Amino acid sequence: MSGSVKSQFVCENCGAVYPKWQGQCGQCKEWNTLVETLVEKPKASLNSRNRQVLYENGAELIVSAKSVADKLEKQPPRLATKLYEIDRVFGGGFVAGSVSLVGGQPGIGKSTILTQLIVEILINNDNLEVIYVAGEESPAQIVPRIQRIIKASAKEKNIKVESNNVLSRLQIVTTTDVDRVIYLVSQNRPALLVIDSVQTMFTTDLTGIAGSVGQLRESAGRLVALAKRQNIPTFLVGHVTKEGDIAGPKVLEHIVDTVIEVSGDRTGELRVIRSLKNRFGPTDEVGLLKLTSGGIEQVTNPAEVFIEGKTLGQPGSALTVCLEGSRPIIVEVQALAVSSPLSMPRRVARGLPISKLHLLLAVLQKYARISFEHQDVFVNVIGEVNFKDPAMDLAVAAALISAKKGKAPEEKVVYCGEIGLLGEVRQVRQLEKRVKEAKRLGYKNIVTSKSLNSVRQL
Ligand SMILES: [Zn+2]
């Protein structure tokens, strides 16, 4: 295959083309912007007769809405794990031929989650086969994990599972040459394909090393084409760096159908999976999982993991109900403010953006006349999941004021409100759903924009 195909290096910034890699683009002077790309032969120009022949072959490019509706009706059901916390995030299961990118920091548990997913599919469907492409671990590392998960899953469901029956329907591929992977998959036609990880894949058509942007893009592109051609639901595991910089997987986001982010506090057991993009279902849906030695467990009662419990009712602690996807989750926010010896006091935020903390401190100073000027401020959202819901603002503000004054907020209060730049408390979406969840857990006193106009009244 190599030899006949040529590659070139294209600047991602200005589009300049070079035959060899160089650190700096000679045209726009940017550094590290050259990406290895395959040279595409320009199509021979067509005369009108050839054009007509070519275009007549494109009858499938126009379809009636009715035929689409008929096709949808006949579509096979989605492949599902029957684990509610996973299937919901994927919009009810995996669509034939869909490609999902599962991203997250190394070591966060992506492989464990996908292994569990494979095991559940194999247990639920007696006749299906799965291919797992292992670029990072040896089969001797993977198989014991699978055995543990089978055991735990059978115990959890209280059913008897023939371990050998599951193991015999799982093939492990140990090459990272994407073209060989594609060949093996085409020969075996599995019901599900997992690539762990896409960063280890490479094609000999390009000279760059595995994991370079060019290799990543080309390998993923070929795997996407394979999934579509053979209708195989495919998972690509993609690592992101510690800074949350998804420079690698970022280039893949637009070529896949679904982007799933795995996050959580690596030292704890809680993991959150979230759909950032989904062509076949809702986005921003979250699934809550606990990572255990036997795989993953579903978290059905979020209050267990997002409330510290013993700190409730202490100064600096406040509760809110976040809405993540369709799911209301009660969360505890903790704040600490202490006098600082530094000329630039520290601001530390865990589980929320630091910019949000800066903004809320500024609003409190201006509109509630509470200054943190000479104080170090720390805010922690229990669970360390990056909730993006602005309804949390009010709880963060309440926790900060409470920490500053050393006075606990009223007992059993839940705060739900977005705070504007002028200190106003804004209404949040789907308040009823949040109120219902708070009440279900025994919290009847809910502070919202209805009871509070401005942070001044906190
Ligand atoms: Zn350039």
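The values are calculated or read from the model by the stated rules, or taken from the named source; none is laboratory data. Bear in mind that the values here come from a model prediction, so they are computed numbers and not experimental data. Positions of Cβ are backbone-derived with ideal geometry, glycine not excepted, and every protein chain shown enters the neighbour counts.
Taking H358, is it modelled with pLDDT under 95 and either at negative phi or touching a Ser or Thr at 6+ places or on another chain (Cβ under 6 Å) (or both)? The answer is no for H358. Contact map, the stretch 154-173: residues that are at pLDDT 95 or above paired with residues that are surrounded by 14 or more Cβ atoms within 10 Å (Cβ to Cβ) and of a type in the set (D, E, K, R), Cβ distance under 7 Å, separation 6+ or inter-chain. Pairs shown: R169/E129; Q171/E129.
Put simply, of G15, G26, G58 the only residue that is over 30 Å from G238 (Cα atoms) and within 16 Å of the ligand (Cβ to nearest atom) is G26. Checking each residue in the stretch 336-365 for being touching a Phe, Trp or Tyr at 6+ places or on another chain (Cβ under 7 Å) and in a strand (DSSP E or B) picks out L336, A337, V348. The condition of being farther than 21 Å from T258 by Cα and modelled with pLDDT of 95 or more holds for only one of E129, E120, that being E129. Each residue in the stretch 410-458 was checked for being over 25 Å from R369 (Cα atoms) and charged (D, E, K, R), and 10 pass. Could you tell me whether V181 is touching a residue at least 12 places away in the same chain (Cβ under 8 Å), assigned to a strand (DSSP E or B), buried (at least 19 other Cβ atoms within 10 Å of the Cβ) and of a type outside the set (G, A, S)? Taking the combined requirement at face value, the residue does not satisfy it. The residue list G93, G97, G109, G104 contains one member that is without any contact (Cβ under 8 Å) to a residue 40 or more places away in the chain, in the same structural domain as R279 (by TED's automatic domain parsing) and out of contact with any Ser or Thr (no Cβ under 6 Å at 6 or more places or on another chain), which is G93. Scanning the stretch 272-318 for residues that are closer than 30 Å to A397 by Cα, surrounded by fewer than 17 Cβ atoms within 10 Å (Cβ to Cβ) and of a type outside the set (K, R) returns L276, T283, T300, N301, E304, E308, G309, T311, L312, G313, Q314.
Pairs meeting the criteria (first residue in the stretch 23-38 and free of Cβ contacts under 8 Å to residues at least 40 places away in the same chain, second residue β-branched (V, I, T) and within 7 Å of the ligand (Cβ to nearest atom), beta carbons under 9 Å, at least 6 apart or on different chains) are Q24/T33; C25/T33.
A single member of N50, N32 is within 16 Å of the ligand (Cβ to nearest atom) and either farther than 29 Å from A191 by Cα or modelled with pLDDT of 90 or more (or both), and it is N32. Collect the residues in the stretch 350-365 that are within 22 Å of the chain's Cα centre (by Cα) and either without any contact (Cβ under 8 Å) to a residue 12 or more places away in the chain or crowded, with 19+ Cβ neighbours inside 10 Å (or both), keeping them in residue-number order. G351, L352, I354, S355 - these are the residues of the stretch 350-365 that are within 22 Å of the chain's Cα centre (by Cα) and either without any contact (Cβ under 8 Å) to a residue 12 or more places away in the chain or crowded, with 19+ Cβ neighbours inside 10 Å (or both). Only a single criterion out of (1) closer than 30 Å to I123 by Cβ; (2) surrounded by 16 or more Cβ atoms within 10 Å (Cβ to Cβ) is not satisfied by P77, namely (2). Residues satisfying the criterion are absent from the stretch 215-224 (criterion: without any contact (Cβ under 8 Å) to a residue 24 or more places away in the chain and either in contact with a Gly (Cβ under 8 Å, 6 or more places away or on another chain) or outside any helix (DSSP H, G or I) (or both)).
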